[in-house]
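Below is one structure; the comments refer to it alone.
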Amino acid sequence: GNSVTQMEGPVTLSEEAFLTINCTYTATGYPSLFWYVQYPGEGLQLLLKATKADDKGSNKGFEATYRKETTSFHLEKGSVQVSDSAVYFCALSDLQGAQKLVFGQGTRLTINP
Amino acid sequence: DAGVTQSPTHLIKTRGQHVTLRCSPISGHKSVSWYQQVLGQGPQFIFQYYEKEERGRGNFPDRFSARQFPNYSSELNVNALLLGDSALYLCASSLAGGSAAGYGYTFGSGTRLTVV
């Protein structure tokens, strides 16, 4: 079945550092790919998405590129802020059967001032 | 505009009891999905409803059931609660009931269920 594997956390960085959170997937066909963010005590917020190979999703300084050849969708940001501290989830849309999102296990990110 | 609203926000139940969780989608959204998020893990798909019909079901026991009403709001019911049902239950709405491609889902803040 379809699955998503994320870089294990937690990840701790200093403010203004460069961020990469790795995400790889296994899927039949060409799913859409998403990054969601979850702040403490809240639900999930869509951060960015890409619907086809080589698409780049971007939002709030975060970027991720849909790489079909490496089945990856790594999240990057050039200069993180304390307010970026949260849990980040990579997900894909399952195109077979139930129309659902399949999530990775999440990566907790902490940014220190 | 109101986002996806869920009620209640927190709930404590005893093993063996029944619980009903409620969700109102974004206005104009006809699809509602339910996810279970156990502490420290990613959300797991439970159900999807579109135009009041079940479109998909995840790998959950029959103790879990759901329905969607004519106004597109939805209820998730769980019978005979177990300690392992303790989790954050998330509702997500979407414009369409088909592939999530291009639409994504908007999530509510969830209902945190604790079973004691």
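The values are calculated or read from the model by the stated rules, or taken from the named source; none is laboratory data. Note that the structure is predicted; figures quoted are calculated from it, not measured. Here Cβ is always computed from backbone atoms with ideal geometry, including for glycine, and neighbour counts include all displayed protein chains. Protein only, heavy atoms only, side chains kept; ligands, DNA and RNA dropped before computing areas. Shrake-Rupley method; radii C 1.70, N 1.55, O 1.52, S 1.80 Å.
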Given the criteria more than 9 Å from chain B (Cβ to nearest Cβ), touching a Cys at 6+ places or on another chain (Cβ under 9 Å), without any contact (Cβ under 8 Å) to a residue 60 or more places away in the chain and not aliphatic (A, V, I, L, M), does A:Ser72 qualify?
yes
Quick count over segment A:75-112, residues being in contact with a helix residue (DSSP H, G or I) (Cβ under 8 Å, 6 or more places away or on another chain) and either among the small types (Gly, Ala, Ser) or touching a residue at least 60 places away in the same chain (Cβ under 8 Å) (or both), is 3
The residue that is nearest to B:His10 (Cα to Cα), considering only those in segment A:49-76 that are crowded, with 21+ Cβ neighbours inside 10 Å and modelled with pLDDT of 95 or more, is A:Leu75
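Here's the yes/no breakdown for (1) touching a Leu at 6+ places or on another chain (Cβ under 6 Å); (2) more than 21 Å from A:Phe89 (Cβ to Cβ):
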{"site": "B:Gly3", "(1), (2)": "no, no"}
{"site": "B:Pro25", "(1), (2)": "no, no"}
{"site": "B:Ser31", "(1), (2)": "no, no"}
{"site": "B:Tyr35", "(1), (2)": "yes, no"}
{"site": "B:Gly40", "(1), (2)": "no, no"}
{"site": "B:Lys52", "(1), (2)": "no, yes"}
{"site": "B:Leu82", "(1), (2)": "no, yes"}
When every residue in segment A:88-104 that is modelled with pLDDT of 90 or more, open to solvent by less than 20 Å² (accessible area, probe 1.4 Å) and more than 7 Å from chain B (Cβ to nearest Cβ) is compared, the one nearest to A:Gly1 (Cα to Cα) is A:Leu92
Turns out the strands (runs of 3 or more DSSP E) fully within chain B with at least 2 residues that are more than 9 Å from chain A (Cβ to nearest Cβ) and touching a residue at least 60 places away in the same chain (Cβ under 8 Å) are B:5-7, B:10-13, B:19-24, B:87-94, B:111-115
Does segment A:33-47 include one or more residues that are in contact (Cβ under 8 Å) with a residue 40 or more places away in the chain, in contact with a Pro (Cβ under 8 Å, 6 or more places away or on another chain) and open to solvent by less than 10 Å² (accessible area, probe 1.4 Å)? yes
Of the residues in segment A:5-45, those that are assigned to a strand (DSSP E or B) and under 25 Å from B:Gly3 (Cβ atoms) come to A:Leu33, A:Phe34, A:Trp35, A:Tyr36, A:Val37, A:Gln38, A:Leu44, A:Gln45
Report task. Determine, yes or no, whether A:Phe18 is under 20 Å from A:Leu109 (Cα atoms), of a type outside the set (Ser, Thr, Tyr) and crowded, with 18+ Cβ neighbours inside 10 Å. Result -> no
